[in-house]
Amino acid sequence: MRRIGVSVEVYKTAPRADAESIFRPFSPEERGELEHKVAQFYDVFLTRVASGRKMSKADVDAVGQGRVWTGEQALDRKLVDEIGGLRQAIALARQLGHVSDHGPIQELPPPDTSLLGRLLGIDGIKDSTPASMSLLPSQFLDLVRALAPFVAHTSDIPLALMEMTPVDP
């Protein structure tokens, strides 16, 4: 950072207030505290998985340890009941919750997307994505631009507030 002329000046309200700063390494005490927090989070994770999978924490830990498993591997290790995707999960949730097949679903938090993402039905495409416009055939670009105001903003949320100024007749 110094090479490009950036310097940092630190003002703290507590001794570890800047513990996670990207501008300096952890002190030995901070590293120890971070390791303690990670161990606490991992213990909560083990407890929840063990409870949900009806396994002992030791058994969960034996297959866990931060490894990532494919669906088949997770099934072999009793970490999942079956292999499926979002559709299967929603169908099972509907069944267990006694919700009709056509009941509405509300996704929270709402997916972060753009007009183009909405039109294409692909969440995560943002307007700032350089390649996003190349996904559409050129003849649709004008249509997308024309429809933008109607899809980008909901009618119940104000985009700007303006003071009322009386006008003398």
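The values are calculated or read from the model by the stated rules, or taken from the named source; none is laboratory data. Fair warning: this is a prediction, and the values are worked out from it, not measured in the lab. In this analysis, Cβ positions are derived from the backbone assuming ideal geometry, glycine residues included, and neighbour counts consider all displayed protein chains. Side chains included, ligands, DNA and RNA excluded: accessible areas come from the protein's heavy atoms. Shrake-Rupley method; radii C 1.70, N 1.55, O 1.52, S 1.80 Å.
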Helices (runs of 4 or more DSSP H) completely within the stretch 56-137 that count 2 or more residues being modelled with pLDDT of 90 or more and farther than 30 Å from Gln40 by Cα: 86-96
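Rundown of residues vs (1) of a type in the set (Val, Ile, Thr); (2) in contact with a helix residue (DSSP H, G or I) (Cβ under 9 Å, 6 or more places away or on another chain); (3) open to solvent by less than 80 Å² (accessible area, probe 1.4 Å), yes/no style:
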{"position": "Lys12", "(1), (2), (3)": "no, no, no"}
{"position": "Phe23", "(1), (2), (3)": "no, no, no"}
{"position": "Glu29", "(1), (2), (3)": "no, no, no"}
{"position": "Gly32", "(1), (2), (3)": "no, no, yes"}
{"position": "Tyr42", "(1), (2), (3)": "no, yes, yes"}
{"position": "Gly71", "(1), (2), (3)": "no, no, yes"}
{"position": "Leu86", "(1), (2), (3)": "no, no, no"}
{"position": "Gly97", "(1), (2), (3)": "no, no, yes"}
{"position": "Gln106", "(1), (2), (3)": "no, no, no"}
